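Everything on this sheet refers to the single structure shown next.
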Ligand SMILES: Cc1ncc(COP(=O)(O)O)c(C=O)c1O
């Protein structure tokens, strides 16, 4: 049937769905119609547990009244103002609050609308910082295999997910990738693996030896690689990266789009792992997923160096988005951060995590489970592939949906990222449902 013929009678055909098997979806749609708390409802009104906090972005659960009210109030007061050469009060308040949560020194906050945009912003700050200091030859970036830094050209270039790269050509020149951190020696270790940390991080020294430190602008990693299946850094890995970056004047960027705002039990993974980067990205949970919002936190002196390099009355950083610091998104984020503070949400993560990780770890007893990993409220289970790579994982995602659980798959890895608002019983129910679905598939 031609596309036009299909269009006339298929109500789903016009939306080209992102990161989705569109043709399969048309045959077997998974429509989510409503949400409340940590539950979704499908079009038949059946309840589904949200086992992935949306896309890691809605830790407080759906429909928080405080956020809705703050958004409504902001819409009534000021729905939009141009962010270039003008400012809105909510953005300054939010920047101040975010700067109070980030590690000391990372207190200059630049807003954007998505994690992908935050990554582009971070890469461009790094380049410009070096240029204004007379080190414009520092153009190379170091990313990591199995890293995910969004879908824009800089982000996918430093990212290390094969499918996100191969259809799109060459990407940024001069990008190198560290080896990923999932090694057989750490199989089934929950938390930080005990093997390989320093050795894997030393890849960066090899790039320095090969290309010269003075050609490398920055090294970007997710403290825990999320989208490729929760790759927790082995002990000492991030500290070693920090040491090498400091030694060679390479900026260290932590992409905390998933780990930011409590996922590891502290505001940021930088604090959990006690390693301070030079720039960090954040998004998702900053506004509890309610309104698109993202940011980067930049070391104060990096921003100052860039500001000081331009003549007075001129724009110092030629970068920004129509929706940077959108007042409604800022209001949503301010309401979200208030809840995090008042309800000690990150403390709740620390309380819930040990039992969750124990339950994920116990799935190693299933014969075709080949690895379990996790940290904080992030847990992953690798399944032995059956047929094409990823087929089994996708089947589990579809069957879990039918069984009343929304989870994530990354190829044949099944990921749970419960909302922080979950009770211990609800988390057990998620793991139990996931287990049943895995056993049946
Ligand atoms: C670590 C990381 N960086 C960047 C992104 C991109 O964020 P967005 O989808 O909001 O553009 C993601 C999204 O999952 C992510 O996990």
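The values are calculated or read from the model by the stated rules, or taken from the named source; none is laboratory data. Treat the numbers as computed from the prediction; the structure is a model and nothing was measured. Please note: Cβ atoms are built from the backbone with ideal geometry, for glycine as well, and neighbour counts cover all protein chains shown.
The set of residues in the range 173-190 that are surrounded by fewer than 16 Cβ atoms within 10 Å (Cβ to Cβ) and touching a residue at least 60 places away in the same chain (Cβ under 8 Å) comprises 187, 188.
Results for (1) more than 16 Å from the ligand (Cβ to nearest atom); (2) surrounded by 19 or more Cβ atoms within 10 Å (Cβ to Cβ), shown as yes or no for each residue.
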{"position": "110", "(1), (2)": "no, yes"}
{"position": "120", "(1), (2)": "no, yes"}
{"position": "135", "(1), (2)": "yes, no"}
{"position": "138", "(1), (2)": "yes, yes"}
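Considering 79, 10, the condition of being free of Cβ contacts under 8 Å to residues at least 60 places away in the same chain and either assigned by TED's automatic domain parsing to the domain that holds residue 112 or touching a helix residue (DSSP H, G or I) at 6+ places or on another chain (Cβ under 9 Å) (or both) is satisfied by 10 alone. Restricted to the range 30-75, the set of strands (runs of 3 or more DSSP E) holding at least 1 residues that are touching a helix residue (DSSP H, G or I) at 6+ places or on another chain (Cβ under 6 Å) and away from the ligand (no atom under 16 Å from the Cβ) comprises 47-50. Checked against the criterion of being touching a residue at least 60 places away in the same chain (Cβ under 8 Å) and buried (at least 20 other Cβ atoms within 10 Å of the Cβ), the candidates 99, 90 yield just one match: 90.
The residues of the range 339-392 that are touching a helix residue (DSSP H, G or I) at 6+ places or on another chain (Cβ under 7 Å) and surrounded by fewer than 16 Cβ atoms within 10 Å (Cβ to Cβ), listed by number, are 355, 366, 385, 386. Taking the criterion of being farther than 22 Å from residue 341 by Cβ and not assigned by TED's automatic domain parsing to the domain that holds residue 378, would at least one residue in the range 58-75 satisfy it? Yes, that holds for at least one residue. When the criteria are applied in full, residue 150 fails the requirement of being on the phi > 0 side of the Ramachandran plot, more than 13 Å from the ligand (Cβ to nearest atom) and in contact (Cβ under 8 Å) with a residue 12 or more places away in the chain. Given the structure, is residue 95 part of a helix (DSSP H, G or I) and either within 22 Å of the chain's Cα centre (by Cα) or farther than 30 Å from residue 343 by Cβ (or both)? It is true that residue 95 is part of a helix (DSSP H, G or I) and either within 22 Å of the chain's Cα centre (by Cα) or farther than 30 Å from residue 343 by Cβ (or both). Taking the condition in contact with a helix residue (DSSP H, G or I) (Cβ under 6 Å, 6 or more places away or on another chain) and in contact (Cβ under 8 Å) with a residue 40 or more places away in the chain, does residue 395 pass? Criteria not met by residue 395.
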